[in-house]
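Each remark here refers to the structure printed beneath this line.
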Amino acid sequence: MAKPSDLDVAYIARLARINLTEAEAKVFQKQLDDVLEYVEKLRQADIADVEPSAHALPNFNAFRDDTARDWFTAKQALSNAPRKANGLFIVPKVVE
Amino acid sequence: MTEQDLPALTIADLQALLRRREVSPREVIEALRARIEAVDPEIGAYLSLDVDAAVREADKPNVDLPLGGVPVAIKDIINVMGQQCTCASKILQSYRATYDATVIRKLRAAGAIPFGKTNLDEFAMGSSTENSAVKLTRNPWDLSRVPGGSSGGSAAAVAADAAFGALGSDTGGSIRQPAALSGIVGLKPTYGRVSRFGLVAFASSLDQIGPLTKTVRDAALIMNAIAGHDPQDTTALNEPVPDYAARLGNDLRGVRLGLPKEYLIEGIDAQVKAAINAAVKQMNSLGAEIVEVSLPTTEYAIAVYYIIATAEASANLARFDGVRYGYRTENPKDMLDLYGRTREEGFGPEVKRRIILGTYVLSSGYYDAYYLRAQKVCELIRRDFANAFEKVDAIISPTSPVPAFRFGERMADPLQMYLADVFTIAANLTGICGISLPCGFAEIDGNRLPIGLQLLGNALDEACILQIAHAYEQSTDWHKARPPVAAAASKA
């Protein structure tokens, strides 16, 4: 397992699209290094013969009938938009 | 209006009055509203209270339905159409739900009235409700202490007789731990027993909605209404729902209770330990056989949890990007600036920490070392529990190693806060069900602080742990004790 110091909080925060102040990054670095040091204990577990499973109670192929039903109207979908116009979400220009 | 102190009633007793037409649903809402107005300025359990909506609903319910006319408070992370759903986060401060969660639809179908949205740790991330971006919720037993979390508002409301019952969500103990610290009953159902549709997702493989109530019977009554299959949630199990309230008795003969030998060793408050030991003796005297079981891999549970839960959270919370709903930063110059500043300004510190940790453990080069390894160790924990349930019907432990702690006591060190979840987390990782119920009090600084007992049951065995919990509860008076703030309000 990676050493805790492998975590670069400032870099990962950029990947996660969260701006951090330098002070905040410094505090998080220490706190998350502690957490990562704690999870090092997982290296002691013998997992040689273990298959990972994402869910405790496997429940596969849960389909529902493919039928039309009443759902959000466009108006409802837009009702919480921070900016909207003409039935669209408005964002800063993406393509030059 | 009757002479009775309505808000102090259990759901079962309230229903009896409603069915005999001795009180109307509207009178119930009015009495509850008055109680909330009297105690909530001190407690801070509620984030919003839509009285008009509740009164409108109170004028039409069929009181002969299973929960006809019973108001239920809702953790503000579950969508109730037309009402706010802030997740106690700045990023959703102006959000209005455009649909009902399945549990809300089911509650309404059973005649219940969703009434009030309760405080929580932001996005259910925390164990004290101190991570709410809106306000603190105080423990009704000692206003200088936390109510537990993340469903702290729901727990405090029920404990203070400011709700008859409430819904919470439990990802690592967020129903059971606040129930324990606030002196009430809290049930985390089996993963998939209750639909998560309309619950704002934190860690999708662990989240589960459940009831917080004054008694075990009340928890069973709410479970009867909310459990069951839902085509809208692919993880909701298509299994029959038993009548959870029908099988509640007072006898524990033939019940085998497992006492994990690893659980009562270190780090547990002496008064908590004494209360659990006394409860075990009590259950033994009611006929239960006490069997020692071993769960050695649960020492890894917290480490596994903080990898899996943060990984899933980092993906789930990517949707809060300031585009389609919620808060958006002022004057973004481009999309990256919009995302980065919206999330910087919209999320609190704990949510940021978890997103960063989750992004890291999923990132290229670290996935195998963290996420994959955690999933494998999780499988080991499941095997331990499967072995234990070969021998016993339920496993008994404290819910929390300590009673309610003071504000600020654990906030500076996230790891210390995480370690408080040691007894509750394994149930989420293994998908099994668990219940917390009162089993005594600790005396600290002249105040009585509730202690919670946890019973863990096998998958889909809610009826079994409810039955055991009920038999124990009925042989004690712990559930009848009321915090000073509630006792004072009912005399006023």
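The values are calculated or read from the model by the stated rules, or taken from the named source; none is laboratory data. What you see is a predicted model; the values in this text were computed from it and never measured. Every residue, glycine as well, gets a Cβ built from its backbone with ideal geometry; the counts of neighbours run over all protein chains shown.
Please indicate, with yes or no, whether at least one residue in the range A:13-26 is surrounded by fewer than 18 Cβ atoms within 10 Å (Cβ to Cβ) and within 26 Å of B:LEU429 (Cβ to Cβ). Among the residues of the range A:13-26, not one is surrounded by fewer than 18 Cβ atoms within 10 Å (Cβ to Cβ) and within 26 Å of B:LEU429 (Cβ to Cβ), which makes the answer no.
For A:ARG43, the conditions (1) within 7 Å of chain B (Cβ to nearest Cβ); (2) within 24 Å of B:GLY431 (Cα to Cα); (3) assigned to a helix (DSSP H, G or I) are fulfilled apart from (1).
Residues that are surrounded by fewer than 24 Cβ atoms within 10 Å (Cβ to Cβ) and touching a Pro at 6+ places or on another chain (Cβ under 8 Å) number at least 1 in the following helices (runs of 4 or more DSSP H) confined to the range B:123-232: B:216-226. Only residues that are surrounded by 10 or more Cβ atoms within 10 Å (Cβ to Cβ) and either of a type in the set (Ser, Thr, Tyr) or assigned to a helix (DSSP H, G or I) (or both): list them for the range A:46-69, please. Of everything in the range A:46-69, just one residue is surrounded by 10 or more Cβ atoms within 10 Å (Cβ to Cβ) and either of a type in the set (Ser, Thr, Tyr) or assigned to a helix (DSSP H, G or I) (or both), namely A:SER53. The residues listed here are B:PHE441, B:PHE385, B:PHE389, B:PHE407; of these, the one that is of a type in the set (Phe, Trp, Tyr) and surrounded by 24 or more Cβ atoms within 10 Å (Cβ to Cβ) is B:PHE385. The one condition from (1) more than 9 Å from chain A (Cβ to nearest Cβ); (2) surrounded by fewer than 22 Cβ atoms within 10 Å (Cβ to Cβ); (3) at pLDDT 95 or above that B:VAL323 does not meet is (1). Elements of the type helices (runs of 4 or more DSSP H) sitting completely within the range B:350-464 and holding at least 2 residues that are at the interface with chain A (Cβ under 8 Å from one of its Cβ atoms) and modelled with pLDDT of 95 or more: these cover B:373-391, B:425-430.
Contact map, the range B:293-312: residues that are under 29 Å from B:LEU257 (Cβ atoms) paired with residues that are among the small types (Gly, Ala, Ser) and in a helix (DSSP H, G or I), Cβ distance under 6 Å, separation 6+ or inter-chain. Pairs shown: B:VAL293/B:ALA388; B:THR298/B:ALA426; B:ALA301/B:ALA426; B:VAL304/B:ALA374; B:ILE308/B:ALA374.
Could you please let me know if B:VAL304 is facing chain A (nearest Cβ under 9 Å), over 22 Å from A:GLU22 (Cα atoms), part of a loop (DSSP other than H, G, I, E, B) and aliphatic (A, V, I, L, M)? Taking the combined requirement at face value, the residue does not satisfy it. Regarding B:THR213, is this residue within 14 Å of another protein chain (Cβ to nearest Cβ) and not basic (Lys, Arg)? So B:THR213 fails the test.
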